[in-house]
Amino acid sequence: MIVTIDGPAGSGKSTTAHRAAARLEYVYLDTGAMYRAVALGFLRAEAPATPSGAEAVLPSLTVDVEYRGDTMQVFLGDDAVTDRIRSAEVGRIVSDISTLAPVREYMVEQQRRIGRAQADRHGGVVLDGRDTGTVVFPKAPVKIFMVADIDERARRRLQEYEAAGEEVTFEEVRAEIEKRDQQDRTRDIAPLRRADDAIIFDTTDCTIAEQVDFVVDRVKAQDGRGT
């Protein structure tokens with residue numbers, strides 16, 4: 001079973017996908033974390049977010065994941081970067097990096113490879129991102145598109161930065177999300193949009209537990225396990 005959860009930044013995709021996967025005894029594939037690892041690779045190489053920058057960085061860049069229990073660890077080459085990719089510095093450039101055609105082609109190939117392997121091994125995988133239901137796995141049997149009010153999304157993202165020790169303001173985070181939304185929706189390659197058969201889920205006033213229940217119930221209904 002492949003389950004996709006797409007939506008804009010801060011809509012609750014990652015936490016919900018992670019916990020829903022655990023409840024279902026599937027594994028969780030955070031595609032956004034993989035893009036963040038690529039962005040970190042660009043930063044380390046001091047490469048610009050341009051096609052020429054991608055041409056310079058991608059041949060020597062390897063992004064992969066490993067699972068320790070139900071926890072996904074992200075690797076840039078041999079370096080475990082799961083914590084470092086959550087910095088505000090990476091957050092500021094990841095959208096620019098992810099709009100580059102060579103980057104998206106590379107990442108979609110990796111996400112399909114990892115997603116299929118994990119679904120075969122564990123019975124299912126839950127992916128979250130911005131194009132998992134439209135580009136990566138357009139035939140996934142369960143697709144959910146999460147949305148939330150922008151102020152609520154900014155508040156959630158600010159909490160993540162503060163937990164990581166980052167000193168940023170609410171206004172800075174809100175502006176970052178607005179920019180990311182605009183870039184994601186207007187980019188030429190795989191823009192953020194709801195797949196025609198995806199279920200819209202507004203998480204603005206939902207608890208994490210309610211969000212997880214929503215996903216788990218739909219997966220169980222699809223595979224005949226009941227609710």
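The values are calculated or read from the model by the stated rules, or taken from the named source; none is laboratory data. Keep in mind it's a predicted model, so treat the numbers as computed, not measured. For neighbour counting, all protein chains shown are included, and Cβ atoms are generated from backbone atoms with ideal geometry for every residue, glycine included.
Please pick out the residue among D181, D149, D131 that is acidic (D, E) and surrounded by fewer than 16 Cβ atoms within 10 Å (Cβ to Cβ).
Every option except D149 fails the conditions.
So A119 clears everything in (1) of a type in the set (G, A, S); (2) under 22 Å from D188 (Cα atoms); (3) surrounded by fewer than 24 Cβ atoms within 10 Å (Cβ to Cβ) except one condition, right? Which one?
Result: A119 fails condition (2) only.
Please identify the pairs in which a residue from segment 42-63 that is on the phi < 0 side of the Ramachandran plot and buried (at least 18 other Cβ atoms within 10 Å of the Cβ) has its Cβ atom under 6 Å from the Cβ atom of a residue that is in a loop (DSSP other than H, G, I, E, B) and of a type in the set (A, V, I, L, M), counting only partners at least 6 apart or on another chain.
Between residues of segment 42-63 that are on the phi < 0 side of the Ramachandran plot and buried (at least 18 other Cβ atoms within 10 Å of the Cβ) and residues that are in a loop (DSSP other than H, G, I, E, B) and of a type in the set (A, V, I, L, M), the close pairs are G53/A47; A54/L100; V57/A47.
So that you can scan it fast, the table gives a plain yes or no per residue for (1) more than 18 Å from H18 (Cα to Cα); (2) modelled with pLDDT of 95 or more; (3) among the small types (G, A, S):
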position	(1), (2), (3)
A47	yes, yes, yes
S60	yes, no, yes
T71	no, no, no
G91	yes, no, yes
V94	yes, no, no
T99	yes, no, no
R104	yes, no, no
R121	no, no, no
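How many residues are more than 14 Å from R130 (Cα to Cα) and surrounded by fewer than 17 Cβ atoms within 10 Å (Cβ to Cβ) when one looks only at segment 200-212?
Qualifying residue count, segment 200-212: 7.
Return the pairs, sorted by first residue and then second, in which the second residue is in a helix (DSSP H, G or I) and among the small types (G, A, S), the first residue lies in segment 86-99 and is more than 15 Å from D30 (Cα to Cα) and in contact (Cβ under 8 Å) with a residue 12 or more places away in the chain, the beta carbons are less than 6 Å apart, and the residues are 6+ apart or on different chains.
Here the result reads V90/A39; I93/A39; I97/A39, each pair linking segment 86-99 to a residue that is in a helix (DSSP H, G or I) and among the small types (G, A, S).
Checking K179 against (1) touching a His at 6+ places or on another chain (Cβ under 9 Å); (2) within 19 Å of R86 (Cα to Cα), only one condition comes out false. Which one?
(1)
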